[in-house]
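Take a look at the structure below.
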Amino acid sequence: MHNPNAGAVFVGIDVGARELAVALQTDDQLEPVRTFANTASGHQQLRRYLRRDQQPVRVCVEASGNYSLDLCLALHAMEGVELSVINPRLARRFAESLGTRSKTDPVDARVLCLYAQRMPPVAWQPPSPASLHLRSITRAVEALTHMLVQERARHHAAEASAALPRLVATELKRHQRYLEQRIQRLRREAVRIISTDADLARRFRLLTNHAGGR
């Protein structure tokens, strides 16, 4: 009997903040789980590992927000790779159907590999360029805001010192204003991006209306 999965490679990837656990199966042979860094260089190593035999690859990843997006973008760009990104709730239900996981256990790479093999794939669609641009700006604003909070705390502590030279106090205050200006510039750019993308604008209106109704 013909096996439609013959020659295909099935992969499950458990995504962590710093590490990817990868289970790979070919022709009913499950390889030992391998790990890769969840970084750009780690993603490159993973891409080479998946396509080493130039066979079609079906990958299943559990959605995990910012931890998985860069990985999914890298995999989506590969030829010969079919990527599904599934809801964590769906992944847990599948794991429970196998009798291998409790409700509170994380879904691991081997379970996701079995999902890729047994369940019909749903091709992942990447976010729009506008969404990715907005994501980058949001990350930058978060980083600068963290820096600003640190600078304000440093300035407050310095002001309590009678030995603080006036020049140092002036420079600390100037740096705070610089950070504030950068944050405001990025926020204006975020608003501009939202206003030029219908889907982002709709989601932004829903979010602000919900917040205003509280």
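The values are calculated or read from the model by the stated rules, or taken from the named source; none is laboratory data. Just so it is clear, the model here is predicted, and its values are computed rather than measured. Every residue, glycine as well, gets a Cβ built from its backbone with ideal geometry; the counts of neighbours run over all protein chains shown.
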Restricting to the range 177-199, name every residue that is farther than 17 Å from ALA140 by Cβ and in a helix (DSSP H, G or I). ARG177, SER195, ALA198, ASP199
Going through (1) in a loop (DSSP other than H, G, I, E, B); (2) at pLDDT below 90 one by one, SER68 fails only at (1)
Note on the range 81-127: residues in a loop (DSSP other than H, G, I, E, B) and either modelled with pLDDT under 85 or of a type in the set (Gly, Ala, Ser) (or both) are GLY99, THR100, ARG101, SER102, LYS103, THR104, ASP105, PRO106, VAL107, ALA123
Starting from residues that are part of a helix (DSSP H, G or I) and among the charged types (D, E, K, R), keep the ones in the range 200-214 and report whichever is nearest to the chain's Cα centre (by Cα). ARG203
Just wondering, is there one or more residues in the range 43-51 that are surrounded by fewer than 20 Cβ atoms within 10 Å (Cβ to Cβ) and either assigned to a loop (DSSP other than H, G, I, E, B) or not assigned by TED's automatic domain parsing to the domain that holds GLY16 (or both)? yes
Residues that are surrounded by fewer than 20 Cβ atoms within 10 Å (Cβ to Cβ), among the polar types (S, T, N, Q) and under 17 Å from ALA17 (Cβ atoms): does the range 55-64 have at least one? yes
